[in-house]
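Read through the structure below, which is laid out as structure tokens, and then see the notes.
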2 protein chains.
Amino acid sequence: MPGRVDDMLDQLRSAGRRVTAQRRAVLQALARLGCAQDVEAIHARARRIHPRVGLVTVYRTLEALVGEGVAQRVVLGDDRTRYELGQEHGHHHHLVCLSCGSVQRLDECHLESKRAGRRHGFTVTAHRLELLGYCAKCGVPA
Amino acid sequence: MPGRVDDMLDQLRSAGRRVTAQRRAVLQALARLGCAQDVEAIHARARRIHPRVGLVTVYRTLEALVGEGVAQRVVLGDDRTRYELGQEHGHHHHLVCLSCGSVQRLDECHLESKRAGRRHGFTVTAHRLELLGYCAKCGVPA
DNA sequence: CCTGAAAATGAAAATCGTTTTCAATATGCC
DNA sequence: GGCATATTGAAAACGATTTTCATTTTCAGG
């Protein structure tokens, strides 16, 4: 994904935000890491690309990217906020291993829950689904 | 649910835990409040039942209840941990209003995602599903 | 290219929810 | 009742995240 990052930077620029080396680094870090990474991991990766990037900037940049629709927050139930590139399109969920904590992407999404919500007078505009269990490597504990 | 709380207290007692006025208050607060309440709300309600209950005790009691399978943690994506009575049986999800933050219970759960996980070498033992949108009272913003 | 207004950065301090420490208190088996 | 042990509460510690503020950087305009 070489041009993809540049496209996103252009998108930021057209939105009136400024493109800095730090933001480029965070964006590249996100592009290279898998999905649902925590801020610490993103910071570490970004630092390898551009050493001059502080943790605070990573937090701020991630929020800016979410605001621009370029990245999204992922809530998995542990104490840290995670982020990944992509939005509605490319919508997917996660398989979270209860043993090793690994997270893998699940691209399927068969959910006709809009109807369920509507039955309650509720308009469903998004949903969050996490499947918990044990990954192939860990196996189910005795 | 008068006897329900007592049953749960008995369950605690048989598990070697001690039953105190504070725990009774927290349990009653949970029984009277709706689902997915945050610790502050539970604390406030518990205090109305027994003024002598500290926030720390609420945290500890809630974890004890989770450990005993009497209560469960609910993760909705905001910054606070929520709790509610009940476990696997009585399994349900939530309709979370993006406007007012209200949470209502959704008792349906048609999810045949075990298969999806298995296809990835993953054994799904639980899942978490939250539907986000707008409740009847708020309506969808323009 | 310069220039300056506005945005972005970083380090330190502030927040905020939650957890731990520790001395004092309460529970419940004997 | 008495004692071993669990529980409590206040204060301090914690860890993730946010804010403050002085300094640096971007980039639109001349």
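The values are calculated or read from the model by the stated rules, or taken from the named source; none is laboratory data. Remember, predicted model here, so these are calculated numbers, not experimental data. Cβ sites come from the backbone with ideal geometry, for glycine too, and all protein chains shown count toward neighbours. SASA here: full protein model, heavy atoms, side chains in, ligands and nucleic acids out. Shrake-Rupley method; radii C 1.70, N 1.55, O 1.52, S 1.80 Å.
Compute the FRET efficiency between B:H91 and A:V39 as 1/(1 + (r/R0)^6), taking r as their Cβ-Cβ distance and R0 = 35 Å, and round to the nearest 0.05. The partial results should precede the final answer.
Working: r = 32 Å, r/R0 = 0.91.
Efficiency computed from Cβ-Cβ geometry: 0.65.
For the protein assembly as shown, adding -39500 (n - 2.57) for each run of n ≥ 4 DSSP H residues and dividing by the number of residues yields -11500 deg cm²/dmol at 222 nm. When you look at the Cβ of every residue in B:5-13, what mean number of other chain Cβ atoms sits within 10 Å? Partner Cβ neighbours, averaged per residue: 0. Amide H to amide H, with H built 1.01 Å from N, B:T125 comes under 5 Å of A:L132, A:G133, A:Y134, counting only residues 5 or more places away or on other chains.
Need one word for the protein assembly as shown: rounded, prolate or oblate. Basis is the Cα gyration tensor (sqrt eigenvalues a ≥ b ≥ c); a/c below 1.5 gives rounded, then a/b vs b/c decides. Please list the in-between numbers first.
Working: a/c = 1.78, a/b = 1.77, b/c = 1.01.
Prolate, because a/c is 1.5 or more and a/b exceeds b/c.
Remark: spin-label model distance B:C100-A:D78 equals 3.6 nm, labels positioned 7 Å along the Cα→Cβ axis. What shape does chain B take by its C-alpha gyration tensor, where a ≥ b ≥ c are the square roots of the eigenvalues and a/c under 1.5 counts as rounded, a/b above b/c as prolate, and the rest as oblate? Since a/c reaches 1.5 but b/c is at least a/b, the shape of chain B is classed as oblate. Annotation for the stretch A:28-101 versus the stretch B:118-140: alpha-carbon center distance of 20 Å. Here chain B is assigned +1 on the Cβ of each Lys and Arg and -1 on the Cβ of each Asp and Glu. Its dipole about the Cα centre then comes out at about 340 debye. Per residue, the solvent-accessible area of the stretch A:13-83 (1.4 Å probe, heavy atoms of protein chains only, all protein chains present) comes to 53 Å². Modelled label positions at B:R48 and B:R4, each set 7 Å beyond Cα in the direction of Cβ, lie 1.7 nm from each other. In this structure the amide hydrogen of A:L106, modeled in the peptide plane, comes within under 5 Å of the amide hydrogens of A:H93, A:H94, A:L95, none closer than 5 places in sequence on its chain. With the simple model of a label 7 Å out from the Cα in the direction of the Cβ, B:Y59 to B:R17 spans 1.7 nm. Interface size, chains B and A: roughly 3000 Å² of accessible area buried, both sides included, 1.4 Å probe, rounded to the nearest 100. Legend: mean number of C-beta atoms from other chains within 10 angstrom of residue C-beta atoms, peptide B:129-140, equals 6. Shortest first, A:G54 label-point distances to identical copies amount to 3.7 nm, with the label point at 7 Å from Cα along Cα→Cβ.
Mean separation of Cα pairs under 8 Å and 6 or more residues apart, divided by the residue count, gives the stretch B:2-85 a relative contact order of 30 percent. Taking a Cβ cut-off of under 9 Å around A:V19, the surrounding Lys, Arg, Asp and Glu residues balance to a net charge of +4, with basic ones at +1 and acidic ones at -1.
Would you mind putting A:44-55, B:18-29 in packing order, based on average other-beta-carbon counts within 10 Å, highest first? Don't skip to the end; give the middle numbers.
Values: A:44-55: 15.8, B:18-29: 19.2.
Top to bottom by mean Cβ count within 10 Å: B:18-29, A:44-55.
Every Cα-Cα pair of the stretch A:2-85 was included, and the share exceeding 17 Å stands at 39 percent.
Each copy carries a label point for B:V66 at 7 Å from Cα along the beta-carbon vector; from one copy to the others these points are 2.1 nm apart, nearest first.
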